[in-house]
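Heads up: the structure comes next, in C-alpha cells.
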Amino acid sequence: MSTPLIWFVFMNLSILLKPGHCTETRDQVLSITPQTQEQADILRNVSTHYETILWQPVSNEYISTQVQVHLYVPANSSVTVKAILQKHGITHKVLLANPNELTEMQMKNDSTDPRSGSTFYEKYHTLEEIYDWINRTAQDNPRTVKVILIGSSYEKRPLYVLKLSFNDRPNRKAMWIDCGIHAREWISPAFCLWFVHHSLSFYQQNSEITRILDSMDVYVLPVMNPDGYKYTWTAIKRRWWRKNRSISKSGFCVGVDLNRNFDVDWGIKGSSQNPCEEINCGPFPESEPETQAVANFVRRHKDTVQLYITIHSYSQMLIFPYSYTFDQAENHNDLLEMVQEAAQRIKRYYRNTYTYGPGAAILYPCSGGSDDWAYKLGIKYSFTFELQDRGEYGFLLPPSHISGACNEALLAVKTVAVKVLEKTQAPANHHTI
Ligand code: 0X9
Ligand code: ZN
C-alpha cells in the first residue's frame, strides 16, 4: 500500500476513534507477527505515528514479515491501534495485560521484610542501592575487591568498576564484564551483582569459578549507563528508556544508544544519526563519556584482558562478532564452539533454550557495538549475552525469575571463561630436567 493511502486510512480512523469515545483502561504489550509486506508497512507506521513503544525489535526499520514484534501500547492509544490492526487483518496476541502492575512489582523493594524470603540478589535495586552495595562489597572484602573509578556519566555520576583479584601471580590475565549499557534491561545489572556475589561466595567451593579466579582478574562494571538506569526508576512511563541522557546539540532530543557509539564501522548500519531515535549513535564515535570511560579503560588493559562480555536482555542469545558485517570472525569456529557448549549446558541444567551465533546473522547487522569494538581491539573472545526471557515478560522479568536468569547466564560466563583458559594457557607443568 502506498504511503498516502496508509495516511488516508489512519486519518479516518483517528477521527472515528478520538479519545473519549471508548478507551482501554490499561496499558498493554501486544505481540504481532506481520504476515505480508503490507502488514509490516502498516505496523511500522503505527509504531511511528501513534504513542507506542517498540520493545522488540529495537527499531521499526527491523520490522518485516515473520518478525515477531512486541509493542507497548498505552491505554489512551489502545483502541485506535487495535482498530487499525483489525482493519488490515493483522492479528495480535496480548503478551502482557498488566505491565503497570509488573513494573510496580519490579520496583517493590521490601528488602527489610523478612517474610519476603528472597535475598538481596533476587531483587532489582535502585542506582543508590547499587552504589552502596559496591562500597560495602569492597569494604567487606579488602584483600580481593578493589573499586576503580573509570570515569563519570553525562550527568556526572561515577562509573565504578569492581576488580576481583584472588592472587597476585605475575602475568595474570583478565576478563571484563559490563552490565546496564541499556537502561531498561534491568536483569543486566542484577546479573553483575549476582556474578560478584557468586565469585566471592564460591571461590574454593565451586571448581569452575575457582579455576577462573585463580588464573584471571575480573573487572566488573555493574552499571555502564547510570543516568539512564536512574531515569527508568523515576516514573512508570520512563521505565522503557534505553539510551543515556545526553542532550543533543540541537537540544531537541535526549539520549545516545551507547551500544552504537563505539568506534567500529560507526554510524553505518542499524543505527541512526537522529538524536530522537532509540538507536542514535551520537554525533561521533566515543562522543559519550560512558563510552569513552569504558573504551579508555579496556584500551589501557588490552594486553591482559582476554575475554570481553557485555550483558543485555532480552531474547536468550549468546552472540559473538561480527554484528557490523556478515564477514566471519577469524576465530569463528572457536567462538561458535564456546557458545554452543554454553547453550548445551544451559539446556541440560536449566531446560532453557538459547540461540547462538554471530550477531549480524542471528540478530541484525549493526555498527558501533562494544563487542565488535573489543574484538577489533584484539580481544579475541568477545560476547554479548542476551538474558531471559524470550518475550513472556520482556523487560518486566519478575524478581522471582532473577535467580533462574542469572544462574543460567553465570553458567554461560563460566563455560566461555574456562574455554578461554584452555585455549590460551600453556599446558601446565611440562618441566624438563
Ligand atoms: O541491539 C543491541 O544493542 C543488542 N540488543 S538489545 O536488544 N539488548 O538492544 C544486541 C547487540 C549485539 N551486538 C552488536 N550489535 N554489536
Ligand atoms: Zn541491550
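The values are calculated or read from the model by the stated rules, or taken from the named source; none is laboratory data. All values reported here derive from a predicted model rather than from experimental measurement. Virtual Cβ from ideal backbone geometry, glycine too; neighbours counted across all protein chains shown. Surface accessibility is based on the protein's heavy atoms, side chains included, excluding ligands, DNA and RNA. Shrake-Rupley method; radii C 1.70, N 1.55, O 1.52, S 1.80 Å.
Summed over region 257-289, residues that are of a type in the set (A, V, I, L, M) and surrounded by fewer than 16 Cβ atoms within 10 Å (Cβ to Cβ) total 1.
When residue 306 is tested against (1) open to solvent by 50 Å² or more (accessible area, probe 1.4 Å); (2) touching a strand residue (DSSP E or B) at 6+ places or on another chain (Cβ under 6 Å), exactly one condition is not met: (1).
Candidates are the residues of region 122-132 that are over 11 Å from residue 160 (Cα atoms) and in contact (Cβ under 8 Å) with a residue 60 or more places away in the chain; the one that is surrounded by the fewest Cβ atoms within 10 Å (Cβ to Cβ) is 126.
Counting only residues that are within 15 Å of ligand 1 (Cβ to nearest atom) and not in a loop (DSSP other than H, G, I, E, B), region 299-322 holds 10 of them. When residue 292 is tested against (1) within 15 Å of ligand 2 (Cβ to nearest atom); (2) open to solvent by 20 Å² or more (accessible area, probe 1.4 Å); (3) assigned to a helix (DSSP H, G or I), exactly one condition is not met: (1).
In region 225-268, how many are touching a Pro at 6+ places or on another chain (Cβ under 6 Å) and either small (Gly, Ala, Ser) or within 13 Å of ligand 2 (Cβ to nearest atom) (or both)? Give the derivation first.
So in region 225-268, the residues touching a Pro at 6+ places or on another chain (Cβ under 6 Å) come out as 248, 253, 263, 266.
So of that shortlist, the ones also either small (Gly, Ala, Ser) or within 13 Å of ligand 2 (Cβ to nearest atom) (or both) come out as 248.
The qualifying residues number 1.
Checking each residue of region 245-268 against the condition of being away from ligand 1 (no atom under 13 Å from the Cβ) and not in a loop (DSSP other than H, G, I, E, B) gives at least one match.
Close contacts from region 133-159, counting a first residue that is part of a helix (DSSP H, G or I) and a second that is charged (D, E, K, R), with Cβ to Cβ under 7 Å and a gap of 6+ residues or different chains, come to 138/146. Here are the criteria: (1) farther than 23 Å from residue 145 by Cα; (2) in contact with a Cys (Cβ under 9 Å, 6 or more places away or on another chain). Tell me which single one residue 249 does not satisfy. Unmet condition: (2). Residues in region 176-229 that are more than 22 Å from residue 286 (Cα to Cα), away from ligand 1 (no atom under 14 Å from the Cβ), open to solvent by less than 10 Å² (accessible area, probe 1.4 Å) and not in a helix (DSSP H, G or I): 216, 218. Among the residues of region 328-351, none qualifies, meaning not one is farther than 24 Å from residue 285 by Cβ, within 16 Å of ligand 2 (Cβ to nearest atom) and part of a loop (DSSP other than H, G, I, E, B). Taking each residue of region 252-267 that is among the small types (Gly, Ala, Ser) and looking for partners that are surrounded by fewer than 21 Cβ atoms within 10 Å (Cβ to Cβ) and not in a loop (DSSP other than H, G, I, E, B) with beta-carbon atoms closer than 9 Å, six or more apart or interchain, yields 255/247. Name the single residue, out of those in region 28-61 being away from ligand 2 (no atom under 16 Å from the Cβ) and β-branched (Val, Ile, Thr), that is most open to solvent (accessible area, probe 1.4 Å). That would be 48. Considered as a group, the residues in region 62-88 that are open to solvent by 10 Å² or more (accessible area, probe 1.4 Å) and within 27 Å of residue 268 (Cβ to Cβ) include one that is farthest from ligand 2 (Cβ to nearest atom), and that residue is 65. In the set (1) in contact with a Ser or Thr (Cβ under 8 Å, 6 or more places away or on another chain); (2) β-branched (Val, Ile, Thr); (3) open to solvent by less than 50 Å² (accessible area, probe 1.4 Å), the condition left unmet by residue 232 is number (1).
With respect to (1) modelled with pLDDT of 95 or more; (2) in contact with a strand residue (DSSP E or B) (Cβ under 7 Å, 6 or more places away or on another chain), the lone exception for residue 352 is condition (2). The single condition from (1) surrounded by 15 or more Cβ atoms within 10 Å (Cβ to Cβ); (2) away from ligand 1 (no atom under 16 Å from the Cβ); (3) of a type in the set (A, V, I, L, M) that residue 149 fails is (1). The one condition from (1) within 13 Å of ligand 2 (Cβ to nearest atom); (2) open to solvent by 20 Å² or more (accessible area, probe 1.4 Å); (3) among the β-branched types (Val, Ile, Thr) that residue 384 does not meet is (2).
Just one of the numbered conditions (1) open to solvent by less than 10 Å² (accessible area, probe 1.4 Å); (2) modelled with pLDDT of 95 or more is not true of residue 404: (1).
Counting the residues of region 323-380 that are of a type in the set (S, T, N, Q), under 25 Å from residue 300 (Cβ atoms) and either more than 15 Å from ligand 1 (Cβ to nearest atom) or surrounded by fewer than 16 Cβ atoms within 10 Å (Cβ to Cβ) (or both) gives 1.
Test residue 183 against the criterion of being in contact (Cβ under 8 Å) with a residue 24 or more places away in the chain and in contact with a Ser or Thr (Cβ under 9 Å, 6 or more places away or on another chain), and give yes or no. Break it down into steps so the answer makes sense when it comes.
Working: in contact (Cβ under 8 Å) with a residue 24 or more places away in the chain: yes; in contact with a Ser or Thr (Cβ under 9 Å, 6 or more places away or on another chain): yes.
Yes; evaluated as a whole, the condition is true for this residue.
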